[in-house]
Amino acid sequence: MLSIISAMDKNRLIGTGQGLPWNIKEEYQRYLATVKGHPIIVGRKTFELSGKDLQEEKVFILSTSQTGDNYFSNIEEAIKACGDDDIFVTGGAEVYKLAMPFADTLYISVIKGEYEGCIYFPEIDPNTWTIIQHEECPEYDYYIYKKLGN
Ligand SMILES: NC(=O)c1ccc[n+]([C@@H]2O[C@H](COP(=O)([O-])OP(=O)(O)OC[C@H]3O[C@@H](n4cnc5c(N)ncnc54)[C@H](OP(=O)(O)O)[C@@H]3O)[C@@H](O)[C@H]2O)c1
């Protein structure tokens, strides 16, 4: 199974290009707890910004400019390399877009308030995705989506 996990504001903003637009500890801790121990697929830029926070996870990095043991130039090869375990795709925007057709679950935190930035999550098509869980937290709303027909 392949899941996407992301935090966004109500306009689907996810980043400034240099990091997250917000600093919400509780939400970030929840993200780390959710992906803990699972294989992770991440874009080269996000890995350089926040890869150090992933310590117990096997990390598979998508890049066309760098090579190495954990680097892949193709998402399908990265998925294959992850094996049968539950895989999490942790961004950023370029990699979310590549992963959407392969994902069956989205874990989405919608951060309250408005922020500035320039990196956005792809559109979540209501004809493709349905909400199966919603939880309201003080600083964000947490949603789990499943792909229809899966
Ligand atoms: N709010 C959230 O939940 C969240 C989560 C993650 C990231 N972010 C934010 O998102 C921003 C970064 O996102 P981003 O979209 O700019 O970058 P990104 O998706 O993290 O990484 C982009 C890089 O991935 C590689 N790549 C892209 N398409 C590829 C393909 N088809 N095959 C192989 N490699 C490919 C390229 O690396 P090369 O250049 O090496 O070829 C590309 O430069 C940051 O601001 C970060 O903080 C937010």
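Please treat every number below as a calculation from the coordinates, not as lab data. Keep in mind it's a predicted model, so treat the numbers as computed, not measured. Here the Cβ positions follow ideal geometry from the backbone for every residue, glycine too, while neighbour counts run over all protein chains shown.
Quick notes on this one:
- Residues in the stretch 1-25 reached by a label modelled at Y115 [backbone nitrogen below 17 Å; 7 Å Cα→Cβ]: 5-25
- The stretch 17-38 and the stretch 83-115 have Cα centres lying 12 Å from one another.
- Relative contact order for the stretch 2-147: 35 percent, from Cα pairs under 8 Å spaced at least 6 residues apart, divided by residue count.
- The relative contact order of the stretch 1-62, computed from alpha carbon pairs under 8 Å that lie at least 6 residues apart in sequence, is 30 percent.
- For the stretch 18-24, the Karplus equation 6.51 cos²θ - 1.76 cosθ + 1.60, evaluated at θ = phi - 60°, returns couplings of 10, x, 7, x, 10, 9, 10 Hz by residue, with Gly and Pro reported as x.
- GNM remark for the chain: springs join alpha carbons under 10 Å apart, and the peak mean-square fluctuation among S63, S109, S73 falls on S73.
- Within the chain, helix-based [θ] at 222 nm, where runs of 4 or more DSSP H residues each add -39,500 (n - 2.57), nearest 500: -6000 deg cm²/dmol
- Rg(Cα)/(2.2 N^0.38 Å) for the stretch 74-119, N = residue count: 1.40
- Where GluC sites (Glu not before Pro) fall in DSSP loop in the stretch 1-65, at most 13 other Cβ within 10 Å: E56
- Taking other Cβ atoms within 10 Å as a rough exposure proxy, H38, H134 sort from fewest to most as H134, H38.
- Whole-Hz couplings from phi, Karplus 6.51/-1.76/1.60, listed for the stretch 97-107; x for Gly and Pro: 4, 5, 7, 3, x, 9, 7, 10, 9, 10, 9
- If only the Cβ of Lys and Arg carry +1 and only the Cβ of Asp and Glu carry -1, the dipole of the chain around its Cα centre is close to 160 debye.
- Interatomic Cα distance distribution for the chain, bins of 5 angstrom, percent: 2, 9, 20, 24, 22, 15, 6, 2, 0
- Across K45/K112; K10/K36; K36/K58, pairs whose alpha-carbon gap is larger than 20 Å: K45/K112; K10/K36
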